[in-house]
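See below for the structure under consideration.
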Amino acid sequence: MVLSLPEELLLLALNEEKGTFSWVASSKLPYVLAGSLLMELILRKRLAVEPKRLEVLDRTPTGLPLLDEILKSIDSSKKVRPADVWVGKIGRRIKPMKMELLEELVDKGILHSEEHLVFGIFPTTRYPLRDDRPKKTIISNVRSLILRREAPDPRQMMLIALVYTIGLTHVLFDKEERRDARKRVGEIAKPLPITQAINKAIQRASTHSS
């Protein structure tokens, strides 16, 4: 089963038993998830990150409504915006997109949805794992790539960038592995323009909320 980068990110960030996201992941998730959607379009050769703009290379629909909506929004924009501004713009309206992605994972049999009441009043939906094999495969591939210092392909680089920007290194690696793993993850992720765009959007949001 082939999953998109946004789907893989959600599986990695989700607490598999509780079906919720940790506070740390939740605070960054809107912008990292927005970045993952742009990454998917970059990998599909629809977008390119230029120094001062996110350039549309190909207007051909991907066939995935969520990606096509974002591509159309960028292409039809009257303003030229850099990647970090688009990450922020998409991140601020990410909730319905996140729910759509989670429901797709439910439809694929990887998650199941459970309705809960917070404080016995506020309704919320949780998404515990139903099938842990896809998540285990993603983690195994990331660990192998980093610990063996293998050369990543473009898609693997993007996934490592997502692990880096949302701060999951400590979850995926054992205590004795983390120092070297963090260094290697940083070596792969930091030079990527899309990584820099996501971090800039997170920093801007943090500054505005403080």
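Any read-out appearing in this document is the output of simple, stated calculations on the displayed coordinates, not a laboratory observation. As the structure is a prediction and not an experimental result, all values here were calculated from the model. Note that we place each Cβ from the backbone using ideal geometry, even for glycine, and neighbour counts take in every protein chain shown.
Students often get this wrong, so check it: of Lys18/Lys175; Lys72/Lys136; Lys52/Lys135, which have C-alpha atoms separated by over 31 Å?
Values: Lys18/Lys175 23 Å; Lys72/Lys136 34 Å; Lys52/Lys135 35 Å.
Too far apart for the 31 Å limit: Lys72/Lys136; Lys52/Lys135.
The GluC sites (Glu not before Pro) of region 111-156 meeting both criteria, a DSSP state outside H, G, I, E and B (loop) and at most 12 other C-beta atoms within 10 angstrom of the site's C-beta, are Glu150. Across the chain, Cα pairs under 8 Å and at least six residues apart give a relative contact order of 26 percent. Look at the alpha carbon pairs under 8 Å that are at least 6 residues apart: their mean separation over the length of region 42-108 gives a relative contact order of 28 percent. When the P(r) is computed for region 100-154, the part past 13 Å accounts for 69% of the Cα-Cα pairs. Net charge dipole, region 5-209: roughly 880 debye, given to the nearest 20, about the Cα centre with Cβ charges of +1 for Lys and Arg and -1 for Asp and Glu. Placing unit charges on each Cβ (+1 for Lys and Arg, -1 for Asp and Glu) gives region 5-209 a dipole about its Cα centre, and among Leu129, Leu11, Ser206 the Cα reaching farthest toward its positive end belongs to Ser206.
When averaged across all projection directions, what area in nm² does the alpha-carbon convex hull of the chain cover?
Averaged projected hull area, Cα only: 12.8 nm².
Comparing Ser144, Ser22, Ser77 in a Gaussian network model of the chain, where Cα atoms under 10 Å apart are tied by springs, the biggest mean-square fluctuation is seen for Ser77. In this rough spin-label picture, where each label sits 7 Å from Cα along the Cβ direction, the Gln156-Leu43 distance is 1.3 nm. Tell me, how many Å apart are the Cα centres for region 91-160 and for region 1-41? Measuring centre to centre over Cα atoms gives 5 Å.
Projecting each Cα onto the charge dipole of region 5-209 (Lys/Arg +1, Asp/Glu -1 at the beta carbon, about the Cα centre), which of Ile74, Leu168, His112 comes out farthest on the positive side? Positive-most Cα among the choices belongs to Ile74.
Please give the contour-minus-distance gain from Arg143 to Ser206: 0.36 nm per residue of separation, less the Cα-Cα distance, rounded to one decimal in nm.
Values: separation 63, 0.36 × 63 = 22.68 nm, distance 2.99 nm.
Here the answer is 19.7 nm.
Quick check on packing: order 30-36, 94-100, 180-186, 66-72 by the mean number of other C-beta atoms within 10 Å, highest mean leading.
Values: 30-36: 27.1, 94-100: 14.1, 180-186: 16.4, 66-72: 18.0.
In descending order of packing, they fall as 30-36, 66-72, 180-186, 94-100.
Taking 15 Å as the cut-off, no amide N atom of region 131-165 comes nearer than this to a point 7 Å along the Cα-to-beta-carbon line of Glu176.
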